[in-house]
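Below: the structure, in structure tokens.
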Amino acid sequence: MSTVRVRIAPSPTGFFHIGNAKTALINWLYARKMGGTFILRLEDTDTERSKDEYSDVVCGALLWLGIDWDEGPGFHGDPDMGAYGPYRQSQRTELYRREVQRLLDEGKAYKCFCTKEELDAERERATAEKRPPRYNKKCRDLTPEQVAAKGAAPFAVRFRVPEGFTEIHDLVQGVVRTENKEFDDFIIVKPNGDAIFHLANVVDDGLMKMTHVFRGDDHMTNATRHVMLFNALGYDLPRFGHLPMVLDEAGKKYSKRLHGANVLDWRDDGYLPEALVNYLVLLGWTPGDDREVFRPRELIEAFTIERLGQSAAKFDLKKLQWLNGQHIRLLSVAELRARLLPILEKQGFDLASKPDAWLTQMVGICQEKIKTLNEIVEYADFFFVEPTTYEEKAVKKQWEGADAPARMQAIRDIFAQTAEWSVETLKHAYEDLCAKTGDALGKYIHPTRLALTGKSVGPGLFELAELLGREACLARMDRAIDYIRNMKES
Ligand code: GLU
């Protein structure tokens, strides 16, 4: 196993956002590629917004995507997995306290007794004078005696920002240099004793021995603070890689309110996790060749951090749909069947009365066409429910012509007379008929499809007819012929 240690550190405050999923994927792919370790850490310090059920949601989403972790918190009473735990920030407060004490002892942090009122007043003054609001460093150089004199007064802990500059050699963004004086002595512990995100994040990454941190570029400015803290705490610095955000189709940051922001929306819409994984990776990474369709293991093989892109890509639903279709075709019929039957069952279709081989054959003839798993319902419903209505536009096109009744009757005769009920015999009978009448095959195929399925698109006609069986096909032809007759009379 290599020394690469990477992580995803979501805050369990709601659903798992697709942006998080993309970040998780990049870290996971890198770990798997390098034979390293992928860690799940829950940043649940926001006790008001973090909930246990949200942690379950995060795990559920990761597991659905097939992103497994080597170290992480235990769930529902199970122990943590890994030697660097605990993996929930809410269980690491003692470690934060110890590390902050070290910073205080070394003079790298200090207690700040300024009250909220004082700080607010200072901010208002700055705004009125059109200055950027900055901390006035009132408590920066209190003597030990002055601190002692404060007695039990509440205090925050501030990080003493060092002089100079901080340079980050970001694996995605390149060299980012910032003057430290652009930062106030920022708070790392609140007056109530809670560690601030920056401190907890750095202590965890330091003590958990992360070698790389790939995360959204909304954390780029945080990274300067983090590097200063890493150095002050004496931890080995990980390599950072700040990834562009996922944008919506309009090019804006993918809002939490949009459908699809929740990774599991895609599951509910009938997308395959492997297709979403493929799609999300392509949003921030380019393969070296013109391939676009990758199974997860092929992604692991092809992945390199050198080809991570700097600019954000817009979400493109059409592309995702196309990829999903491609992944549906990559499944074996048995695999696809296992994913489709529960959807049909949920719809209330009677699968129990169908033989096993029939169900497999039905899945097989739909595999080439559907773009999402859920499409199976409108694609295959006619197998289970006889159509009683017909697509209006198709009726006009296929059944309104004067010769439609004769053509329908000729088809019915074929259905009644072919010796064998199979794709081949049906096909030959249609071809013979066309040879006799001089019509194109479509003249017979489309009206038949409408009669048997009520629709103008669907699985191959002879294949679906074979599966429906002679009796059902005859009954549906009769119903359609009646329908056409009534139409002509009214
Ligand atoms: N909890 C942070 C987030 O969800 C993690 C930041 C990081 O990856 O360092 O944005």
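The values are calculated or read from the model by the stated rules, or taken from the named source; none is laboratory data. A quick note: this is a predicted structure, and the numbers were derived from the prediction, not measured. Quick reminder, even Gly has a Cβ in these numbers, built from the backbone with ideal geometry, and neighbours come from all protein chains shown. For the accessible areas, the whole protein counts, side chains as well, though only heavy atoms, and no ligand, DNA or RNA atoms are used. Shrake-Rupley method; radii C 1.70, N 1.55, O 1.52, S 1.80 Å.
The length gained on full extension between Asp194 and Gln417, counted as 0.36 nm times the residue separation minus their Cα-Cα distance, comes to 72.0 nm.
Using the structure shown, select from Lys393/Lys443; Lys51/Lys108; Lys346/Lys397; Lys354/Lys397; Lys252/Lys369; Lys33/Lys209 the pairs with a Cα to Cα distance greater than 26 angstrom. Correct reply: Lys51/Lys108; Lys346/Lys397; Lys354/Lys397; Lys252/Lys369. With all protein chains kept in place, the per residue accessible area of the chain amounts to 49 square angstrom at a probe of 1.4 angstrom.
Computed over the Cα atoms of the range 204-307, the ratio of the radius of gyration to the Kirkwood radius (Rg/Rh) comes to 1.03.
Thr13 contributes an accessible area of around 40 Å² to the protein surface, as traced by a 1.4 Å probe with all chains present. Computed over protein heavy atoms with a 1.4 angstrom probe, the accessible surface ordering of Glu391, Glu43, Glu335, Glu48, largest first, is Glu48, Glu335, Glu391, Glu43. Calculated FRET efficiency, Ala402 to Asp290, Cβ-Cβ distance, R0 = 41 Å: about 0.20 to the nearest 0.05. Computed extension length for Glu129-Arg102: 5.9 nm, one decimal, from 0.36 nm per residue of separation with the Cα-Cα distance subtracted. When Ser311, Ser255 are compared by accessible surface with a 1.4 Å probe, the order from highest to lowest is Ser311, Ser255. Taking only the C-alpha atoms of the range 48-179, the Rg (one decimal) and the largest Cα-Cα distance, Dmax (whole number), read 21.2, 58 Å. Ranked by solvent-accessible area (1.4 Å probe, protein heavy atoms only, all chains present), the residues Phe165, Phe155, Phe183 order from largest to smallest as Phe165, Phe155, Phe183. Note that the range 309-384 shows a convex hull volume over its alpha carbon atoms of 103 Å³ per residue. Calculate log10 I(q)/I(0) of the range 34-82 for q = 0.21, 0.26, 0.29 Å⁻¹, where I(q) comes from the Debye formula with a single equal point scatterer on each Cα and nothing for solvent. With no solvent term, the Cα-only Debye profile gives -0.82, -1.14, -1.27. Relative to the globular-protein estimate of 2.2 N^0.38 Å, the Cα radius of gyration of the range 1-113 stands at 1.19.
The label-point distance for Ala338 and Ala149, in a model that sets each label 7 Å from Cα toward Cβ, rounds to 7.4 nm. Shown for the chain is the translational diffusion coefficient from the Stokes-Einstein equation, using the Kirkwood radius over Cα pairs, a temperature of 4 °C and a viscosity of 1.567 mPa s: 47 µm²/s. Each label point was placed 7 Å from the Cα along the Cα-to-Cβ direction; for His169 and Lys319 their separation is 3.1 nm.
Placing a label point 7 Å from the Cα of Ser456 along the Cα-to-Cβ direction, the residues of the range 396-418 whose backbone N falls under 17 Å of that point are 396-401.
Across the chain, Cα pairs under 8 Å and at least six residues apart give a relative contact order of 12 percent. Can you give the charge dipole size of the chain about its Cα centre, rounded to the nearest 20 debye, using +1 on the beta carbon of Lys and Arg and -1 on the beta carbon of Asp and Glu? Approximately 1120 debye in magnitude.
The tail of the calculated P(r) for the range 165-204, taken as Cα-Cα distances beyond 17 Å, holds 53 percent of the pairs. Rolled with a 1.4 Å probe across the full set of protein chains, the surface gives Trp64 an accessible area near 50 Å².
Share of the chain's accessible area from carbon and sulfur, percent, 1.4 Å? The nonpolar share, carbon plus sulfur, comes to 51 percent. Rg then Dmax, both in Å and based on the Cα atoms of the range 371-490: 13.8, 41. No partner Cβ under 4.7 angstrom, meaning no disulfide-compatible partner by this rule: which Cys of the chain qualify? So far as the 4.7 Å Cβ criterion goes, Cys59, Cys114, Cys366, Cys434, Cys473 stand without a partner in the chain.
By the Cα gyration tensor, the range 236-365 has an equivalent ellipsoid whose semi-axes, rounded to whole angstrom, run 34, 18, 12 from largest to smallest.
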